[in-house]
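The values are calculated or read from the model by the stated rules, or taken from the named source; none is laboratory data. Worth saying up front: this structure is predicted, and the values here are computed from it rather than measured. Note: ideal-geometry Cβ built from the backbone for every residue, glycine included; neighbour counts use all protein chains shown.
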Amino acid sequence: MIKGTPELIGERREEIVNACEKLYQTMSFKDITLKEIGNVTSFSRPTIYNYFQTKEEIFLALYEREYVRWNEELVRIMEDNERLTKEQLADRLAKSIENRGQLLKLLSMNNYDMEANSREELLVSFKAAYGKSMINVRGCIEKFCHVMSEEDIQGFLYMFFPFMFGIYPYAEVTDKQRKAMKEADVEYVYQSIYEITYNCLLRLFGIR
């Protein structure tokens with residue numbers, strides 16, 4: 001059992017997740033270890049096990065936080081606008097995705113292994129944040145796109161959310177990948193996260 005006040009426990013968990021986030025800016029998932037994470041926290045590595053049992057649990061908490069941040073943006077879209085055309089809503093949603101590059105990077109990873117190596121209570125907390133994002137996107141559609149039927153909305157959600165898993169690899173291309181594509185003589189039009197997402201949303205809204 002973890003000792004300490006709820007505030008201290010929350011602060012320690014947040015510090016661990018922040019350390020993971022910092023490392024993830026320059027290192028890959030496979031190269032980040034609990035030892036590496038412990039090196040950038042204010043306490044020893046064994047202390048981490050009081051809060052997270054595996055590296056995957058820490059990444060799952062980071063993943064959850066990214067959905068929470070996206071949910072905040074989605075709520076602002078609904079609260080700050082009385083009316084939006086489909087094109088305007090596509091623009092707002094695409095910009096919210098553009099701001100969540102780290103979420104897209106996490107989505108491009110092997111989520112099965114991450115979830116399999118995390119305790120159920122942490123997985124449930126993550127799924128709640130993920131589910132809330134689906135509710136919020138649905139809320140945006142219901143508020144601004146009155147002509148879309150329930151079937152249309154369901155179809156939108158179950159096409160757009162799986163689509164999100166593939167955005168990052170197409171938009172964030174390394175120099176090595178660009179060189180390989182050129183040498184393989186593959187014609188490829190490079191687009192930003194915003195462009196890929198906006199064009200997809202226009203099609204899902206039936207505009208293109």
Inside the stretch 133-152, the number of residues satisfying the requirement of being in contact (Cβ under 8 Å) with a residue 12 or more places away in the chain and under 21 Å from the mean Cα position of the chain (by Cα) is 8
Criterion first (among the polar types (S, T, N, Q) and touching a helix residue (DSSP H, G or I) at 6+ places or on another chain (Cβ under 8 Å)) does Ser28 satisfy it? no
In this structure, is Lys132 surrounded by 15 or more Cβ atoms within 10 Å (Cβ to Cβ), basic (Lys, Arg) and over 14 Å from Leu93 (Cα atoms)? yes
Condition check: in contact (Cβ under 8 Å) with a residue 24 or more places away in the chain, under 14 Å from Leu201 (Cβ atoms) and within 13 Å of the chain's Cα centre (by Cα). Does Phe163 satisfy that? yes
Picking from Tyr130, Tyr168, the residue that is part of a helix (DSSP H, G or I), within 18 Å of Val68 (Cα to Cα), within 16 Å of the chain's Cα centre (by Cα) and in contact (Cβ under 8 Å) with a residue 12 or more places away in the chain would be Tyr130
Output for Cβ contacts, cut-off 7 Å, separation at least six or different chains, first residue assigned to a helix (DSSP H, G or I) in the stretch 6-26, second exposed (fewer than 14 other Cβ atoms within 10 Å of the Cβ), reads Ile9/Ile2; Glu15/Ser42; Ala19/Val40; Lys22/Val40; Leu23/Val40
Per-region count, the stretch 171-208, residues assigned to a loop (DSSP other than H, G, I, E, B), loosely packed, with under 13 Cβ neighbours inside 10 Å, without any contact (Cβ under 8 Å) to a residue 40 or more places away in the chain and on the phi < 0 side of the Ramachandran plot: 8
Residue identified as of a type in the set (Lys, Arg), at pLDDT 95 or above and surrounded by 15 or more Cβ atoms within 10 Å (Cβ to Cβ) among Arg100, Arg83: Arg100
Under 7 Å by Cβ, and 6 or more places apart or on different chains, what pairs join a residue from the stretch 28-41 that is among the small types (Gly, Ala, Ser) with one that is part of a helix (DSSP H, G or I)? Gly38/Arg45; Gly38/Ile48
